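Visitor: This is the structure I have questions about; it appears just below.
The values are calculated or read from the model by the stated rules, or taken from the named source; none is laboratory data. As the structure is a computational prediction, the values presented were derived from the model and not from experiment. Here the Cβ is made from the backbone with ideal geometry for all residues, glycine too, and neighbour counts use every protein chain on show.
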Amino acid sequence: MAMVWSTVPGMTETTDELMTIDELSTATGLSVRTTRYYASLGLIPAPIRRGRVAYYGPEHRARLDLVTALQAHGFTLQAIERYLARLPADITREDLAMQRAMITSWATEPTEDIQARIGRELIALGLPRDALAAAYAATSRHMAELAAELNVILRDQVVDPFRRTHHSPEEAEHLEEVLPRLRQLTTEAIVVSFQDAVNRTISRNLS
């Protein structure tokens with residue numbers, strides 16, 4: 001039977017789950033130097049020490065994955081420190097994974113790069129820049145309102161009720177896996193809804 005160790009409230013690992021810092025770095029896609037630096041900032045709890053060897057568990061990995069997701073959103077390390085400081089001391093690895101899944105970027109590349117590429121292509125079409133600017137402003141305004149409304153629905157009707165009840169690690173893992181697919185389906189649904197709205201507008205203008 002595997003032995004169980006715990007170093008902070010809410011963090012429990014079996015010996016089968018423990019990793020050296022090299023293994024942890026490989027699992028999270030970070031360099032050992034970066035992992036050590038993050039540890040020195042207190043972004044992850046102290047390791048479990050057995051003799052002269054330091055070991056890390058799934059909670060350490062979950063925190064590092066969350067740090068990476070926050071950085072992808074443009075958070076500075078200072079902002080990440082403040083974000084992590086607000087988390088409950090006994091937060092579980094499942095809750096950390098949920099946090100990461102909720103904030104994972106919807107874009108497959110930096111939004112600025114996508115916008116710049118689209119902007120260049122639109123300008124190359126020879127359309128008036130004032131018209132392009134007005135269209136961009138209208139799109140941004142309505143997308144911001146839609147995103148805010150959908151976020152409230154997801155938070156109030158899915159995530160918060162899930163957090164208020166006890167769930168097994170398998171159920172938490174399932175919801176974490178569902179969220180990326182939900183992002184993809186939501187994007188597809190928005191595109192289809194926009195296309196349908198344009199078609200209905202064309203039909204009204206023709207009648």
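Yes/no matrix, rows are residues, columns are (1) surrounded by 12 or more Cβ atoms within 10 Å (Cβ to Cβ); (2) of a type in the set (D, E, K, R); (3) at pLDDT 90 or above:
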| residue | (1), (2), (3) |
| --- | --- |
| Ile80 | yes, no, yes |
| Tyr83 | yes, no, yes |
| Leu87 | yes, no, no |
| Asp90 | no, yes, no |
| Arg93 | yes, yes, no |
| Thr104 | yes, no, no |
| Arg117 | no, yes, yes |
| Leu122 | yes, no, yes |
| Pro128 | no, no, yes |
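Visitor: Go through segment 29-51 and report how many residues are surrounded by 13 or more Cβ atoms within 10 Å (Cβ to Cβ) and not in a helix (DSSP H, G or I).
Guide: Looking only at that region, the number is 7.
Visitor: Where in segment 110-193 are the helices (runs of 4 or more DSSP H), entirely inside, with at least 2 residues that are without any contact (Cβ under 8 Å) to a residue 12 or more places away in the chain and either touching a Cys at 6+ places or on another chain (Cβ under 8 Å) or among the basic types (Lys, Arg) (or both)?
Guide: Output list reads 111-124, 129-154.
Visitor: Does Ala172 satisfy being of a type outside the set (Val, Ile, Thr) and under 25 Å from the mean Cα position of the chain (by Cα)?
Guide: Spelling it out, Ala172 is indeed of a type outside the set (Val, Ile, Thr) and under 25 Å from the mean Cα position of the chain (by Cα).
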